[in-house]
Amino acid sequence: MEMLIRWCVAGILSLLLGYAAPALAFEDDEACLMCHKYPKMGRITEEGQQKSYYVMPHVFSKTVHRNVPCRDCHGYIKELPHKPVTEGVTCDTECHSIQNPSTGKPFSHKPIYDAFKKSVHGREKIAEGNDADKPYCVNCHTNPLYNAKEEKPPKHIVDRCVVCHEDAKFAEKWYNHTSRRIREVKRSPQEIVEMCSSCHADKEMLGRHQAAAKEEGRELGRKFMIAAESYNESFHGKLSKYGSDNAANCLDCHANTVNYYLSVHELLPSRDPRSPVSAENRVQTCKQCHVRADENYAKLDPHPSSKKEDNVFKYYAEITYTVVGNVVLAMLVGLAAFETWGRLRDGVSWRFRDGSSWWRRTRRDSNRIP
Amino acid sequence: MELSQEARDVLETAKRHNRVRPEDERDIEEVIALLPDDRSMLYKNVDSNPIGDFYRYSIHIRVQHLLIFSTFLLLAFTGLPIHYNTAFWAQPFNAMLGGLDVTRVIHRTLAVTMIFAMVYHFFTIGFGSLAKLSARTFELRRTILPTWKDIRDFKEDALFSSGKRNVRPEMDKFMYKQKIHYFAAGFGNTVMVVSGSIFLFPAFWASILPPSMASNFLEMMRLGHPHEALLALLVIAFWHWYNVHLAPGRFPMQWTYLTGKITREHQIEEHFLEYLRCIVSMPEERRYLRKLIESKKIWGTQPHD
């Protein structure tokens, strides 16, 4: 009986789910989904890593790339079934099908890709050695959803558009494209800190790069090894950890807010004069929030730590505070205990009923003359 | 009792300040002569009104104490969950108040109230001292300012506690412990206000400090704020509350902070010089002493048992 109920529930659920999922929401003109619609589509690599090649049609159809035919990015696919993929997608590929409406040229992420490659993080898609530690586009960018919270564009908006733009689909596309950009899609400060920390808090990775820099005689930032942990120790770090959106996160200082979205891709070391945290630009960067900041203010340490090798003053200050605090406390408690001994000998006691100053006219009985 | 040189000084000054008439002066001297040589016989035999016999703190001081201790405790209770904001207990506490940002606003508001109490206190002691100066009744030794005598009192009191003296030293209105405590609180409050202000006005501090030390100063203040707060909280919990609540004979509490009055026994035991001033200014206290000494037969020299 129980078995029967379970099967019935499973059957009803599968019916409901099947009903809820739209069949194929994007046009699969190249018939890639012929194979890639199967959830088990994948393989286990020689290193034992499981790879899934499953494309969820109902999810992909809501992503920003849904109108890009597969082979615009996966250009190396020439026939079906295709050969094993070796190089994969690079993000500077030109789209053949999508035009940049402002220029009429084929759309491409090339400009931002080039800016990224010149930054301190810049790398090739297939990188070797320490460069492989650096983030590639997809380390930070997935294929994000359009307006994840909206099932469909609001009807009252589309209704208005179609008065002139007859094609409702066009209106929906246009709505998705613009509304996503009008809404702030920046990561939250906590997400940014987490994202940067995924590499900059990895001691092993940092050590590798420090050793390489030493070998090559390259200079690294003074806080390179402790950037993430010292940020968390800082006032900004504490605030943003607790959910404040006003405290500066990594990118608020290390990227230029004037052209934020480009600037986060071309992060530069602080010794580069173009960096917002370079000695030349630091005051201006602080002033974004601390309007009264001046030269002195810009010299404050935004990555403070109590490590001896980083700040010997703070290291000893912390020890001194702890020692003084404990000694003072021990002395006072000692004094209290010493006094208690003396007072008890002098004839006063802790009696609550007969000796309390609360309701009796005296607190002593020894040496008291009746 | 034969008064010590110090006590004699205090008595003469009090007589002058109170402009005592010759007949009162005779009365005072008689009562002083009647006092038992062993001062402990006096404080162990007097009757005390639990809520206090002698006026000690004005209403201003009492209000300041109420303001300071209530804001102090609330500052500690809101400051700790800000500092230890990742602790298991801090998160629900902050959430209960409406989130860390709300806790911070409450903390700052309380801080302003505490600063107000401090300013109020400076006005009180400032104008109080001016009034006394103009009435020519100001006595430096009667103030909270530390004197060399305090070191001697501390030593004598330690000898009493260890059993090497029979009686506690003759101390003034404020004994050495109160002076330590007052200046510890004053120093602590100043540290808390200055270090707290660096959280709110970092740019101001950076602009007035030399660049070579601004960063270290601000970091030291950032360290100092929670350290000093914790120290203050522990000193209050372990020492101040011991002194006023837990010490044998003071348990479970004294009413002074509400009534502004101190009991007779306590006054004679720990603030004998202040008690001499009471003898001078209060004829009814002299009458009480005469009656007490007569009924218990504790005048002059007494054999020790």
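Values quoted throughout were computed directly from the atomic coordinates according to the rules given, and no laboratory measurement underlies them. None of these values were measured; they are calculated from a predicted model. Please note: Cβ atoms are built from the backbone with ideal geometry, for glycine as well, and neighbour counts cover all protein chains shown.
Can you give the mean number of other chain Cβ atoms that lie within 10 Å of the Cβ atoms in peptide B:173-182?
The per-residue average across the peptide is 1.
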Exercise for review: Using only Cα atoms, tell me the angle between helix B:283-296 and the longest principal axis of chain B; keep it within 0 to 90° and round to the nearest 10.
Suggested key: 60 degrees
**Study point:** Angle between chain A longest axis and helix A:189-200 axis [Cα atoms, degrees, rounded to 10]
**Key:** 90 degrees
Point to revise | Cβ-placed point charges (K, R +1; D, E -1), dipole of chain B about Cα centre in debye, nearest 20 | key: 380 debye
Check your understanding: For A:THR178, A:THR285, A:THR93, what's the fewest-to-most ordering of other Cβ within 10 Å of each Cβ?
Key -> A:THR178, A:THR93, A:THR285
Review point. Once the Cα gyration tensor of region A:20-105 is diagonalised, what are the square roots of 5 times its eigenvalues, in whole Å and ordered largest first, as equivalent ellipsoid semi-axes?
Key: 24, 19, 12
Practice item. Find the relative contact order for region A:20-105 and round it to a whole percent, using C-alpha pairs within less than 8 Å whose residues are 6+ positions apart. Key: 25 percent
Study note, to complete from the structure: Once amide hydrogens are built 1.01 Å from N within the peptide plane, the residues lying 5 or more places from A:THR63 or on another chain with amide H under 5 Å from its amide H are A:TYR146
Check your understanding: Any idea what angle helix B:100-134 forms with the longest principal axis of chain B, computed on alpha-carbon atoms, 0 to 90 degrees, nearest 10?
Key -> 30 degrees
Exercise for review: Determine the principal axes of the Cα atoms in the protein assembly as shown, then give the extent along each, sorted from largest to smallest and rounded to whole angstroms.
Suggested key: 124, 75, 56
Study note, to complete from the structure: Counted neighbours (other Cβ, 10 Å), sorted fewest up, put A:ARG343, B:ARG16 in the order B:ARG16, A:ARG343
Revision key, fill the gap. Percent of all Cα-Cα pairs per 5 Å bin for region A:36-184, counting from 0 up to the last occupied bin, reads 2, 7, 12, 17, 19, 16, 13, 8, 4, 2, 1, 0
Revision key, fill the gap. Of B:MET41, B:MET220, B:MET253, the most mobile residue in a GNM of chain B (C-alpha springs, cutoff 10 Å) is B:MET220
**Study point:** When chain A is reduced to its Cα atoms, the Kirkwood hydrodynamic radius in Å
**Key:** 27.5 Å
**Study point:** Hz values of 3J(HN,Hα) by residue in region A:137-153 - Karplus curve (6.51, -1.76, 1.60), Gly and Pro given as x
**Key:** 2, 6, 5, 9, 9, 8, 9, x, 7, 6, 5, 3, 7, 9, 5, 9, x
Check your understanding: Taking chain A as a Gaussian network, where each spring joins two C-alpha atoms under 10 Å apart, which residue of A:SER305, A:SER197, A:SER52 fluctuates the most?
Key -> A:SER52
Check your understanding: Assigning unit charges at the beta carbon (Lys, Arg +1; Asp, Glu -1) and nothing else, what dipole magnitude in debye, to the nearest 20, does the protein assembly as shown show about its Cα centre?
Key -> 1600 debye
Study note, to complete from the structure: Once normalised by the length of chain A, the mean sequence separation of its alpha carbon contacts under 8 Å that are 6 or more apart gives a contact order in percent of 9 percent
Study note, to complete from the structure: Among B:TYR288, B:THR137, B:ASN94, the residue whose Cα sits farthest towards the positive end of the charge dipole of chain B (+1 at Cβ of Lys and Arg, -1 at Cβ of Asp and Glu, taken about the Cα centre) is B:ASN94
Check your understanding: Karplus couplings for region A:323-338 from phi (6.51 cos²θ - 1.76 cosθ + 1.60, θ = phi - 60°), rounded to Hz, Gly and Pro as x?
Key -> 5, 4, x, 5, 5, 4, 5, 4, 5, 5, 5, x, 4, 4, 5, 4
**Study point:** Cα-based radius of gyration of region B:29-148 once divided by 2.2 N^0.38 Å, which approximates compact folds
**Key:** 1.66
Practice item. Within 10 Å, count the other beta carbons around each residue, average over each peptide in A:63-74, A:133-144, B:120-131, A:207-218, and list them highest first. Key: A:63-74, A:133-144, B:120-131, A:207-218
Revision key, fill the gap. Amide H contacts under 5 Å for A:PHE107, restricted to residues at least 5 apart in sequence or on another chain and with H modeled in the peptide plane, are A:CYS95, A:ILE98, A:GLN99, A:ASN100
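For region A:187-261, take N as its residue count and report Rg(C-alpha) divided by 2.2 N^0.38 Å.
The value comes to 1.20.
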Review point. How large are Rg and Dmax for region B:160-305 when only the alpha carbon atoms are used, in Å?
Key: 23.1, 74
Review point. Once phi is turned into θ = phi - 60°, what whole-Hz ³J(HN,Hα) does the Karplus curve with 6.51, -1.76 and 1.60 give for every residue of region B:13-23, x standing for Gly and Pro?
Key: 4, 5, 4, 5, 4, 8, 6, 5, 7, x, 5
Exercise for review: Would you list which lysines come within 28 Å of A:LYS214, measuring only between C-alpha atoms, while excluding same-chain residues fewer than 8 positions from it?
Suggested key: A:LYS117, A:LYS118, A:LYS125, A:LYS134, A:LYS203, A:LYS223, A:LYS299, A:LYS307, A:LYS308, A:LYS314
Exercise for review: Calculate the length of the line joining the C-alpha centroid of region B:11-48 to that of region A:93-145, in whole Å.
Suggested key: 95 Å
Review point. At each listed q (0.12 Å⁻¹), what is the log10 of I(q)/I(0) that the Debye formula gives for chain B modelled as equal alpha-carbon point scatterers?
Key: -0.91
